[in-house]
Amino acid sequence: MPKIRVTVLYFAFIHEITRKKEEIMELSTNTSIKELILIILTRYPNIKNIKNIKISVNYRIVNSNSNLILKNADEVALLPPISGG
């Protein structure tokens, strides 16, 4: 089965959980955002404890339950909630 490679970026305390700033994931073609998020949560279950994570694909925010199909060389970022004042 053909494969694609996507770059996953981890920011702030998500980076602390994964101990990685980024990783290249090899996925089956026709993998959706929703499926990728399930893979990530299987690898790093403590990410489930973070509420309101935003998902970005190629600098565009998408829903984590999206059926958007990833393409080779896509960049996916997991963005934790931002606080400030």
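The values are calculated or read from the model by the stated rules, or taken from the named source; none is laboratory data. Bear in mind that the values here come from a model prediction, so they are computed numbers and not experimental data. Counting neighbours? That spans all protein chains shown, and the Cβs are built from the backbone with ideal geometry, glycine included. Only protein heavy atoms, including side chains, enter the accessible area calculation; ligands, DNA and RNA are left aside. Shrake-Rupley method; radii C 1.70, N 1.55, O 1.52, S 1.80 Å.
Listed values, structure above:
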| item | result |
| --- | --- |
| Of all residues making up region 1-19, the number that are assigned to a loop (DSSP other than H, G, I, E, B) and surrounded by 13 or more Cβ atoms within 10 Å (Cβ to Cβ) | 1 |
| Residue 71 being at pLDDT 95 or above, in contact with a helix residue (DSSP H, G or I) (Cβ under 6 Å, 6 or more places away or on another chain) and either over 21 Å from residue 3 (Cβ atoms) or surrounded by fewer than 16 Cβ atoms within 10 Å (Cβ to Cβ) (or both) | no |
| Considering residues of region 25-54 that are touching a Ser or Thr at 6+ places or on another chain (Cβ under 6 Å) and among the β-branched types (Val, Ile, Thr) only, the residue farthest from residue 72 (Cα to Cα) | 37 |
| Qualifying residue in region 24-37 (condition: small (Gly, Ala, Ser) and at pLDDT below 95) | no |
| Selection within region 64-85 - free of Cβ contacts under 8 Å to residues at least 12 places away in the same chain and either more than 17 Å from residue 14 (Cβ to Cβ) or in a helix (DSSP H, G or I) (or both) | 84, 85 |
| Selected residue [in contact (Cβ under 8 Å) with a residue 40 or more places away in the chain and within 11 Å of the chain's Cα centre (by Cα)] from 27, 36, 41 | 36 |
| Candidates 61, 55, 24, 47 - the one that is open to solvent by less than 20 Å² (accessible area, probe 1.4 Å) and part of a strand (DSSP E or B) | 55 |
